[in-house]
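Worksheet: the structure to be examined is printed underneath.
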Amino acid sequence: MPDTMNVKLQVKRFDPADSGGKTWWQEYEVDVHPDSTVLDSLIEVREQEDGTLALRCACRASICGSCGMKVNGNAKLVCKTRVVDVAPNGEQLTIEPMGNQHVVRDLVISLDTFFNQINRVQPFLQPSFVPEAEYTTSNESMENLLTSMNCIMCGCCVSDCTVLEVDANFIGPAALAKAWRFTEDPRDSKRDERLKALNDEDGGMWDCTRCMKCVEVCPKGVAPMDRIMELREAAIEAGNTNTSGYRHTESFYNSVKKNGRLDETRLAIDSAGWTNIPRLLDLAPIGIAAMRKGKLPPLMPHKSEDHKKVKDLYKSVEDES
Amino acid sequence: MYEHDVLIIGGGIAGLRAAVEVTRAGADVAVISKVHPVRSHSNAAQGGINAPLTDRGDDWEGHAYDTIKGADFLADQNAVEVMSSEAGEAVLELERMGVIFSRGEDGKLGTRAFGGQKVARTFFVGAITGSAILHVLFEQSLKLGLNVYEEWFVTKLIIEDGTCRGVVAIDLKTGDMHTIKAKAVIVAAGGAGRVFEPSTNALICTGDGLSLAYRAGVPLMDMEMIQYHPTTLARTGILMSEAARGEGAYLLNASGERFMEKIAPDYMELASRDVVSRAEQTEIDEGRGIDGNVLLDLRHLGRDFIEQRLGYLQEVSVEFLGIDMAEQPVPVQPGMHYIMGGIKTDVNGATNVPGLYAAGECANVSVHGANRLGANSLLDTAVFGRRSGAHAVEYIKDVAGHSHAEEDLASEKARIQALLDRANGERVATIRGDMARGMTKGIGVFRDQASMEGALENLKNVKSRMGGFSIENKGKVFNTDLMFGLELEFMVDCAEAVVAGALTRKESRGAHFRTDITERDDENWLKHTLMYRDEEAEHDVRVETSDVTITQWEPVKRVY
């Protein structure tokens, strides 16, 4: 193995001081040890090529969460991203600051977006009593929470969340995974209140579109979207059914059960709620636009030829549970 | 105008625990940290936190003695008694705040074994105990609405009439400098691992707090006591927790022998860290290693066990080395990990400067003496973080008002502007690298007069270049380039104190092992070294010594 490896980087720079903010791309090339991570390469740039390059990093061991940034378009913790894995043939790497968060300088983003989201879920244990020694609970219940406690608050999920891209009010994947850590904690006494709040809240648990991006980019296996789905199930079980999210789920379920396929028109109206006139009026222009383009789904659904088979499937699943 | 009753420098476990205590007492408190609290290096503590829980048949004297023996009798026994007797409540309290400690069959907190102790009394969360505790304390800080100066870098403590009255700091996000006034300041700013290279420590562990106190006239104590952790990954220095050996992993040499059998037949791989690191280094030096490493073997523990109890270690091993620990042993070597020495405090965290406290790795109470036991660092932060907060609250009751002085802000602004105005010179990183490699070479697992003098010579060379480095970034917003320059100045102070302590101690004790004087000398050296910054002294350091406090355990030969 050769002693060094050549790494080519294209870094998105931002200088806020330069007449209100200037963004540009800068290319670097450094020689580093062949096992090096992307972070090692950036540190080499900062220490030996360009002291003006700003980035955050601390532990170098994927536990402090400082060094989230985009590598070739996807958020990564660069201390655990080896160069050979993302540029096996010496390709130039594109490095940008994380998305959905305000850039302070170069690769440094403001932490406010992330921690404001975390703050929305009352992110602390709220027990109903204080024991003299410790709370007695099963080891399994604590190990279960490791999934979320593994979160190091690096912000990669928030960076690449496709909902936050269009709706800054969404509470975000990290905060919801944090909330799950309390709804699942047997020591917490506010489970129902937490579920109700996240169910009712604008930008709450139902705003996730299940695109999987947070699961894909999370460097610690927290899989925020899976936690969000569990929150939804728990919220429904706890009786929170008066939401478009729940009605959407129910309509989806019933329509496929009945017709063997999705009745999209009914899904839209069911989700809005049949008596929710303002929301239904909101839908009207979308329907008209769809009609003009010939994209309006049939008003009466066609039944799938195999809908009986689908019914059988439903029955066997329902019998089992 | 920034004013608080108590200002805490550092947002790790010691700092946040102190902040919780001050808040509970109803005083106005703020934390100032150069990183967001959850980025602090407390995260890196993996294996667990020790506590002798009496309802489980343990007793605090047992833990105290193991700690004192681990310390090679250099710890002050009154301080260890405080730590051990308060340990149980400290850990239980963290649990009640929300830490998801592993449980036993009965649903109560469960333990794992750790080095230097025959009783399994280490409480843990997988291999992320520090992170799990830090994040829960951060949760508590949100609950309490704690005021945090995030990403502010302290450049100087304000000392007026011999008492500490606040700090001067740079807001990294704007580059502006401010005075923050306080009736008491608690330094909880972490260790100084970056004085060495390689090190398990985060890049932020640059001895800022140690140097700030040192410059304010507080002695740094036993700085020669540098812990080399037995299991760090080659080249990167990334830590593989002692939890691996606590759960039963073996250390093997090139011929597959468990070499600890020769050194510590009773404790084997779980002898104290200095002992294990020396054994490894001996294997490596005598040609029984593999490319400068020995092997950490977990294969017999089985995949499920490894992934369940040591998940983070498996993650690191796979991602940084491409090694699946269930299939293959991991090459490891001793690596600089922790500094037992630090800001001299009493058991309340108080220093010799009224109004100035210290807690956590930057402090030396002293409970770790010449060698810290694994899982005692988290305990130290929790116990003495709380105590320093509680005592600071008492102290400020007698402080009438805030300082009115602004001279320090002006002089610090001038000093930093002069640094920015320097003509093009050497890079900070070049000087730091030279300093840190020289320190590891001279103040290593093994040391002798010649190696330590080599470190001193190297340091002299480094100091002669300190006036000649320059800051390339002249901007204001998030100027880390400037911060690295200021950190280097802090690190050089720490390095000087380390070398001075090492050259002073004419014996081998704990982590300070001299191949030219291999025995412990209780008659002459059952003493602390105290390093004072003194520009009139040789190399700017004046060294004094003080007696170790012995309460109930007379020093005996240490055998594992």
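The values are calculated or read from the model by the stated rules, or taken from the named source; none is laboratory data. These figures come from a predicted structure and were not determined experimentally. Quick reminder, even Gly has a Cβ in these numbers, built from the backbone with ideal geometry, and neighbours come from all protein chains shown.
Filtering the range B:465-487 to residues that are more than 11 Å from chain A (Cβ to nearest Cβ), surrounded by fewer than 22 Cβ atoms within 10 Å (Cβ to Cβ) and either hydroxyl-bearing (Ser, Thr, Tyr) or under 16 Å from B:Gly433 (Cβ atoms) (or both) leaves B:Arg465, B:Met466, B:Gly468.
For the range B:297-404, the strands (runs of 3 or more DSSP E) that sit wholly inside it and include 1 or more residues that are under 22 Å from B:Leu239 (Cβ atoms) are B:330-339, B:342-344. Residue check: is B:Glu224 under 24 Å from B:Ser377 (Cα atoms) and either of a type in the set (Phe, Trp, Tyr) or within 14 Å of chain A (Cβ to nearest Cβ) (or both)? So B:Glu224 does not fit the description; no. Considering the range A:185-213, and only residues there that are among the basic types (Lys, Arg) and touching a residue at least 60 places away in the same chain (Cβ under 8 Å), the residue that is nearest to A:Cys157 (Cα to Cα) turns out to be A:Arg194. Residues of the range B:313-360 being within 30 Å of B:Val31 (Cβ to Cβ), surrounded by fewer than 24 Cβ atoms within 10 Å (Cβ to Cβ) and within 14 Å of another protein chain (Cβ to nearest Cβ), which ones? B:Glu315, the sole residue that qualifies. Mind checking which residues of the range B:528-549 are in contact with a helix residue (DSSP H, G or I) (Cβ under 7 Å, 6 or more places away or on another chain) and in contact (Cβ under 8 Å) with a residue 24 or more places away in the chain? The answer is B:Thr529, B:Met531, B:Arg533, B:His539, B:Asp540, B:Val541, B:Val543, B:Thr549. The number of residues in the range B:441-495 that are more than 30 Å from B:Asp516 (Cα to Cα) and not in a helix (DSSP H, G or I) comes to 11. Out of the residues in the range B:75-107 that are within 13 Å of chain A (Cβ to nearest Cβ) and of a type in the set (Val, Ile, Thr), state the one that is farthest from the chain's Cα centre (by Cα). Checking each candidate, the answer is B:Ile100.
Within the range A:101-121, the residues that satisfy the criterion of being more than 9 Å from chain B (Cβ to nearest Cβ), crowded, with 18+ Cβ neighbours inside 10 Å and either in a helix (DSSP H, G or I) or in contact with an Asp or Glu (Cβ under 7 Å, 6 or more places away or on another chain) (or both) are A:Thr113, A:Phe114, A:Gln117.
Looking only at the range B:546-560, residues that are in contact with a strand residue (DSSP E or B) (Cβ under 7 Å, 6 or more places away or on another chain) and surrounded by 16 or more Cβ atoms within 10 Å (Cβ to Cβ) come to 1 in all. As for the range B:409-418, it holds at least one residue that is in a helix (DSSP H, G or I), hydroxyl-bearing (Ser, Thr, Tyr) and either surrounded by fewer than 20 Cβ atoms within 10 Å (Cβ to Cβ) or free of Cβ contacts under 8 Å to residues at least 12 places away in the same chain (or both). Residues that are in a helix (DSSP H, G or I) and among the hydroxyl-bearing types (Ser, Thr, Tyr) within the range B:40-97 comprise B:Ser42, B:Thr54, B:Tyr65, B:Thr67, B:Ser84, B:Ser85, listed in sequence order.
Taken over the range A:230-245, the criterion of being under 20 Å from the mean Cα position of the chain (by Cα), under 17 Å from A:Asp202 (Cα atoms) and not charged (D, E, K, R) is satisfied by A:Leu231, A:Ala235, A:Gly245.
Inspect the range B:448-470 for any residue being among the β-branched types (Val, Ile, Thr), in contact with a helix residue (DSSP H, G or I) (Cβ under 7 Å, 6 or more places away or on another chain) and farther than 16 Å from B:Glu496 by Cβ and give the result as yes or no. Taking every residue of the range B:448-470 in turn, none turns out to be among the β-branched types (Val, Ile, Thr), in contact with a helix residue (DSSP H, G or I) (Cβ under 7 Å, 6 or more places away or on another chain) and farther than 16 Å from B:Glu496 by Cβ. The set of residues in the range B:169-184 that are under 20 Å from A:Ser110 (Cβ atoms) and either touching a Leu at 6+ places or on another chain (Cβ under 7 Å) or of a type outside the set (A, V, I, L, M) (or both) comprises B:Asp171, B:Lys173, B:Thr174, B:Gly175, B:Asp176, B:His178. Of the residues making up the range A:122-147, those that are over 23 Å from A:Leu198 (Cβ atoms), among the hydrophobic types (A, V, I, L, M, F, W, C) and within 8 Å of another protein chain (Cβ to nearest Cβ) are A:Val130, A:Ala133. The set of residues in the range A:26-60 that are within 31 Å of the chain's Cα centre (by Cα) and surrounded by fewer than 19 Cβ atoms within 10 Å (Cβ to Cβ) comprises A:Gln26, A:Glu27, A:Asp35.
No other residue among A:Ile63, A:Ile109 is under 30 Å from B:Ser241 (Cβ atoms) and either among the hydroxyl-bearing types (Ser, Thr, Tyr) or within 20 Å of the chain's Cα centre (by Cα) (or both) apart from A:Ile63. Entry remark, the range B:108-124: residues being of a type in the set (Val, Ile, Thr) and either at the interface with another protein chain (Cβ under 7 Å from one of its Cβ atoms) or in contact with a His (Cβ under 8 Å, 6 or more places away or on another chain) (or both) number 1 in total. Screening B:Arg235, B:Arg273 for residues that are within 20 Å of B:Gly444 (Cα to Cα), crowded, with 24+ Cβ neighbours inside 10 Å and basic (Lys, Arg) leaves exactly one candidate, B:Arg273.
Yes or no, residue by residue, for (1) outside any loop (DSSP other than H, G, I, E, B); (2) in the same structural domain as B:Lys69 (by TED's automatic domain parsing); (3) under 26 Å from the mean Cα position of the chain (by Cα):
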residue: B:Ala254; (1), (2), (3): no, no, no
residue: B:Glu257; (1), (2), (3): no, no, no
residue: B:Glu269; (1), (2), (3): yes, no, yes
residue: B:Ile284; (1), (2), (3): yes, no, no
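Scanning the range A:150-169 for residues that are buried (at least 23 other Cβ atoms within 10 Å of the Cβ) and either assigned to a helix (DSSP H, G or I) or away from chain B (no Cβ under 12 Å) (or both) yields A:Cys156, A:Cys157, A:Val158, A:Ser159, A:Asp160, A:Cys161, A:Leu164.
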